[in-house]
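J.: The structure is given below, and queries will be raised subsequently.
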Amino acid sequence: MKSLSFVLSLSFFLLSLSPLVSSFTNHDDFLRCLSRRINGNTTEPKVIHTSKDSTFFSILDSSTQNQRFSVPTTPKPVSIITPVQATDVQTVIRCARVHGIHVRTRSNGHGYEGQSYVAYNKPFVVIDLRYLRSITLDVDNRSGWVQTGATAGELYYEIGKTTKTLAFPAGTHPTVGVGGQFSGGGYGTLLRKYGLAADNVIDALVVDARGRILDRQAMGEDYFWAIRGGGGSSFGVVLSWKIRLVDVPSTVTVFKVSKTSENEALRIINKWQYVADKVTDDLFIRATLERSNDNKVQASFSGLYLGPVNDLLALMEVEFPILGLEAEDCTEMSWIESVLWFADYLEGESLGVLANRERSSLSFKGKDDFVQEPIPESAVRELWRQLEAPEAQLAKIILTSLGGKMSEIAEHETPFPHREGNLYEIQYLAQWRGEEDKNKRETEKYLKWVDSVYGLMTPYVSKSPRGAYVNFMDTDLGEGKSWGVKYFKNNFERLVRVKTSVDPTNFFCDEQSIPLLESINDM
């Protein structure tokens, strides 16, 4: 009987291993499929990287921008593919489909939940687009092509080298890849004047689930609509974006005013809620609550005005006098210099730093809301209190004014629906030093801080649904339709229909990718 028991136990053990063995067999077959088609067509740099390669972990870590996903317990890919040409991406998709390999696509790894380089409960491969980052500008026609592996900073650098009177309305963090940013919306200091980055994309090249390269005409308007705000990784691998460059004056003005007095700061924030979305769209004012260098909570009001300082001061005296803006708070500069300024580079730093692909040393977790009515002073005071907590030493609460062009674009025009009727977006961002993640309890206290702030704000923000921005992905929002309507409102149903049409086998999927219609009907 003992021998029979042993045989049965061994049989069950081997059966439990069979899916894993099968997965790694599939991976070996996948690598052979790639090697036959890629290595013979390319030389340097190397395209296929497995965990046996000495460079594997340096490549993986170099674009792991959220350090809470760099701990040893985080699932690692079985291989990383770094395409050097569009046909390499086609080959990866075709081989992965044939051999049942799950893929994730990474531009520069800033996803809030690490979704471009982490997958759970299944072996996976990362397509890292670092070598597909060329940028070609056509200043005469106010347009350009940007490959998905480029960062916003690299795009800004190329624009700044070429012209002082054209710009692009993407984000303020130079190291963020354009792939995830554009496909989710993408906003920065020009959003009130020109809308989102996605609003200014006019064409794209995509590798679909069948391995075909499609431009706007070939993919059709529904597909093109979906990738401009619906999260491109749900629908294919976007190779490049054709963008519309926008006009800016040769001289703009930046400013910053900080207040450490709680009562004064709260009075200014209260007034800011009533004016920031209604002033001229040449003016952008962001409010930030955070700790100052001496560890006290402060409110900072930073802004960009598309014009000279004298015009700004006259405007602020009429529209927002309570801020007390003075000439010494302001600096005139070119738009490209304002990009450096908002990215907190030191004065006099060369334009070339924008092209640096730096790796963050911090861990973070964020949540966000859209505010449709001014929140009471008592709620803002409670946010101030939350920032006095020990775990909020590096935290930020960021209030980004909307209105202007954002209110002029209909909410169905792109998948990003948070348009007219929203005063501002508010982000609750916990940050901490990556080494603290060695102790799981340390990580948990920061995650709980974000949860508590988010819970606190429930009565004061948008409802039915409680809106959220897909580029600040939050896997706590639930599954399927529950998070879909928060990110996309009524646009979610159209996204599901597009997904079902262009990727019926759900080849491109992650923790919050757009689901297929049949899975929504089963919920």
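The values are calculated or read from the model by the stated rules, or taken from the named source; none is laboratory data. Everything numeric in this text was worked out from a predicted model, so none of it was measured. FYI the Cβ positions are ideal-geometry reconstructions off the backbone, even for glycines, and counts take in every protein chain you see. Ligands, DNA and RNA are excluded from the accessible area calculation, which covers all protein heavy atoms including side chains. Shrake-Rupley method; radii C 1.70, N 1.55, O 1.52, S 1.80 Å.
J.: Carbon and sulfur: what percent of the range 162-211's accessible surface (1.4 Å probe)? Intermediate values should be presented prior to the final figure.
T.: Values: 610 of 1120 Å².
Of all accessible area on the range 162-211, carbon and sulfur atoms account for 54 percent.
J.: Does the range 154-242 classify as rounded, prolate or oblate by the C-alpha gyration tensor (a ≥ b ≥ c root eigenvalues; a/c under 1.5 gives rounded; else a/b over b/c gives prolate, otherwise oblate)? Can you show the working numbers first?
T.: Working: a/c = 2.01, a/b = 1.83, b/c = 1.10.
Note, shape of the range 154-242 comes out prolate.
J.: Here's something else I'd like to know. Return the calculated 222 nm mean residue ellipticity for the chain, to the nearest 500 deg cm²/dmol, obtained by summing -39500 (n - 2.57) across DSSP H runs with n ≥ 4 and dividing by the residue count. Walk me through the intermediate numbers first.
T.: Details: 17 runs with 179 residues, N = 523.
Rounded to the nearest 500, it is -10000 deg cm²/dmol.
J.: Something else: State the extension gain, in nm to one decimal, for the chain segment bounded by ASP140 and ARG497, taking 0.36 nm per residue of separation less the distance between their alpha-carbons.
T.: Numbers: separation 357, 0.36 × 357 = 128.52 nm, distance 3.81 nm.
So the chain would gain 124.7 nm between ASP140 and ARG497.
J.: Another question, then. Please compute the length gained on full extension between THR162 and SER482, using 0.36 nm multiplied by the number of residues separating them and subtracting their Cα-Cα distance. Let's see the in-between values first.
T.: Values: separation 320, 0.36 × 320 = 115.20 nm, distance 4.49 nm.
Using 0.36 nm per residue and subtracting the Cα-Cα distance, I get 110.7 nm.
J.: Here is a follow-up. Counting heavy atoms of the protein chains only and a 1.4 Å probe, report the per residue accessible area for the range 148-216 as a whole number of Å². Each step should come with its number before you reach the end.
T.: Values: 1710 Å² over 69 residues.
Ligands and nucleic acids excluded, the figure is 25 Å² per residue.
J.: Per residue, how much space in cubic angstrom lies within the convex hull of the C-alpha atoms of the range 215-335? Present the calculation step by step, with values, prior to reporting the outcome.
T.: Values: hull volume 21.4 nm³, N = 121.
Convex hull of Cα atoms, per residue: 177 Å³.
J.: From the square roots a ≥ b ≥ c of the eigenvalues of the alpha-carbon gyration tensor of the range 418-523, which class results: rounded (a/c under 1.5), prolate (a/b over b/c), or oblate?
T.: Judged from the Cα gyration tensor, the range 418-523 comes out oblate (a/c at least 1.5, b/c at or above a/b).
J.: What whole-number value in cubic angstrom gives the convex hull volume per residue for the C-alpha atoms of the range 244-287? Let's see the in-between values first.
T.: On the way: hull volume 4.1 nm³, N = 44.
It is 92 Å³ per residue.
J.: Could you check how much of the accessible area of the range 372-523 is carbon and sulfur, as a whole percent, using a 1.4 Å probe? Before the final figure, lay out each step's value.
T.: Details: 3240 of 6810 Å².
Result for the range 372-523: 48 percent of the exposed heavy-atom area is carbon or sulfur.
J.: How do LEU239, LEU315 rank by accessible surface area computed with a 1.4 Å probe, from largest to smallest? Working shown, then result.
T.: Details: LEU239 15, LEU315 35 Å².
Reading off the accessible areas and sorting them downward yields LEU315, LEU239.
J.: What are the semi-axes of the equivalent ellipsoid of the range 192-243, taken as the square roots of 5 times the eigenvalues of the Cα gyration tensor, listed largest first and rounded to whole Å? Write out the running numbers ahead of the final one.
T.: Working: eigenvalues 79, 23, 16 Å².
Working from the Cα gyration tensor, I get semi-axes of 20, 11, 9 Å.
J.: Right, here's the next one. Using alpha carbon coordinates only, what is the Rg to Rh ratio of the range 370-455, with Rh defined as the Kirkwood radius?
T.: 1.09
J.: Hey, another quick one. Just to confirm a number: summing +1 for Lys and Arg and -1 for Asp and Glu over residues other than THR64 whose beta-carbon lies under 13 angstrom from that of THR64, what do you get?
T.: Result for the local shell: +2.
J.: Further question: What does the chain give for Rg and for Dmax, in Å, if only its C-alpha atoms count?
T.: Calculated on Cα positions, Rg and Dmax stand at 23.9, 94 Å.
J.: In the chain, which Cys residues have no partner Cys with a Cβ closer than 4.7 Å?
T.: Within the chain, the cysteines lacking a partner Cβ under 4.7 Å are CYS330, CYS509.
J.: If you count only protein heavy atoms and use a 1.4 Å probe, how large is the accessible surface of SER62, to the nearest 10 Å²?
T.: For SER62, the solvent-accessible surface is approximately 40 Å².
J.: Assuming a viscosity of 1.567 mPa s and a temperature of 4 °C, what translational diffusion coefficient in µm² per second does Stokes-Einstein assign to the range 296-361, Rh being the Kirkwood radius over Cα pairs?
T.: Details: Rh = 14.1 Å.
The estimated diffusion coefficient comes to 92 µm²/s.
J.: Roughly how many Å² of ARG497 are accessible to a 1.4 Å probe, to the nearest 10?
T.: Near enough 130 Å² of accessible area.
J.: A further question on this structure: Computed over the Cα atoms of the range 21-174, what is the convex hull's projected area averaged over all directions, in nm²? Could the numbers behind the result be given before it?
T.: Details: hull surface 42.9 nm².
Computing the convex hull of the Cα atoms and averaging its projections yields 10.7 nm².
J.: Further question: What FRET efficiency, computed as 1/(1 + (r/R0)^6) with R0 = 60 Å and r the Cβ-Cβ distance, is obtained for ASN270 and GLN217, rounded to the nearest 0.05? Can you show the working numbers first?
T.: Working: r = 50 Å, r/R0 = 0.83.
The calculated FRET efficiency here is 0.75.
J.: Keeping all protein chains in place, calculate the accessible area per residue for the range 461-523 (probe 1.4 angstrom), answer in Å². Walk me through the intermediate numbers first.
T.: Numbers: 2830 Å² over 63 residues.
Heavy-atom accessible area per residue stands at 45 Å².
J.: Moving to a separate point now. To the nearest 10 square angstrom, how much accessible area does PHE507 have with a 1.4 angstrom probe?
T.: The value for PHE507 is about 30 Å².
J.: Quick one: accessible area per residue over the range 230-336, 1.4 Å probe, rounded to a whole number of Å²?
T.: On the way: 4100 Å² over 107 residues.
Here the per-residue accessible area is 38 Å².
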